Amino acid sequence: FFQFCNKKPVETMPEINSKRNNKKTASPKSKKSKSKSQIIKNKGKKNGLITSQGMKWKSKETSVEETKFTKQQMYMVIGGIVLFFMFLLWAFVDDTPEWQKRAQAQEAERRRNETLAQQQERRDRQAALSSFNFADLVNSTSLSVSLQSMQTGEDDRLMIVAFDDSTREESGGNVYKVRLFKKIDGIAKRIPKHKLFKRYEEEDIPRFVLFDCGSTEDQAAENVCKQIVGQNVPNILIFRPAQQPRTLPTDLKSDKDIITYLYNLMQPAVKYLDELVEAEDFVADDSELHTLLFSKNSDMDAIRVYDQVSDSLRDYGYFGRTRNPTVIESFDLDETQLPALLIWRTFGENPQIFAGNITSPENVRDF
């Protein structure tokens, strides 16, 4: 024991002492935490386990940036809403003045009436395709009765009869598609309103008749056509009381020309010329044949024959008559030569004087 106590104290290394001093001055907390972490680390190494110590966690999804609603976009949305409401006010709020509303209502009523009128016109046009509203479509029996009534004087109107065959290719067996029949029906519609016929009563206006030579419902239709017009189909004949029928001139193409011709047929064939100027103007036209009868009041037979012949030949010229002594004298005639018939032709020397029997219709017609 003494030997041990008498030994000299052991001297330590300065480095070791400094480490010890540092360990003493270190905080017990850090020392404790360090020791714990070191222990866990060492334990993990010993056990071979993978810990989250020192690892950083990161998501594989791409980052999404949140869009921000700027003030400019907000102002644009508010402006759009304001404009939308202004449009609603403009479109649906009625601020029209009363006078303008009345005018618009009147215009709408006018257009509605115009549309209704057009629709009615179309319906009438469709109905016209399946009927004749102004001309009479007759069979052979009705035609025979009408002609007999004219011969007896019961009906003194002009009767215009159109003959055609509905079995022709252009009609296809439909009588309402015959062009001639539709044309005559249109003329019959226009005549009552025409200015030339305004002074006539309804019972004096010409009658228009349609006759189908190819009718399958009228067995005698074909024979009637052969007796009246022969093979000249289509054809238009004009019947007058106590006279032979005449054919409508083929040079009359328009409705106006036909209406004027029918009006002239209803007038006297002979025009009475009472003044000298009228007589001179009458014979001055050398483009057509003109005849003029000079007579006295007592020459009734000559006047009757002249009127009859003139009526049958009215398509070939113009016919006049006068009994004025001044007019008779101006044409170098005297009373001893009356009745006298003069003719102005479109060729040769004029006038020519009739030298035959003036009371004979055949002689006057031949002249």
Do any of Lys177/Lys226; Lys182/Lys256; Lys198/Lys253; Lys177/Lys256; Lys195/Lys271; Lys193/Lys271 go past 18 Å between their Cα atoms, and which? Lys177/Lys226; Lys198/Lys253; Lys177/Lys256; Lys195/Lys271; Lys193/Lys271
Within 13 Å, Cβ to Cβ, of Cys213, how many net charges do the neighbouring residues add up to if Lys/Arg are +1 and Asp/Glu are -1? -4
Just add up the charged neighbours of Pro339: K/R +1, D/E -1, any other residue whose Cβ is under 11 Å from the Cβ of Pro339. 0
What does the extension gain come out to for Gln148 and Thr346, with contour length at 0.36 nm per residue minus their alpha carbon separation? 67.3 nm
Given a 1.4 angstrom probe, I'd like the percentage of the accessible area of segment 219-278 that is carbon and sulfur, rounded to a whole number. 49 percent
Sorting Asn235, Leu276, Ser254 by the position of each Cα along the dipole of segment 208-306 (Lys, Arg +1; Asp, Glu -1; all at Cβ), the one nearest the positive end of that ordering is Asn235
Expressed in nanometres to one decimal, the distance between label points 7 Å along Cα→Cβ at Gln119 and Phe134 is 2.6 nm
Residue span Arg102 to Met266: 0.36 nm per residue of separation minus Cα-Cα distance leaves a gain in nm of 53.7 nm
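The values are calculated or read from the model by the stated rules, or taken from the named source; none is laboratory data. None of these values were measured; they are calculated from a predicted model. All Cβ positions, glycine included, derive from the backbone under ideal geometry; neighbour counts span all protein chains shown. Just the protein is used for accessible areas: all its heavy atoms, side chains included, with ligands, DNA and RNA removed. Shrake-Rupley method; radii C 1.70, N 1.55, O 1.52, S 1.80 Å.
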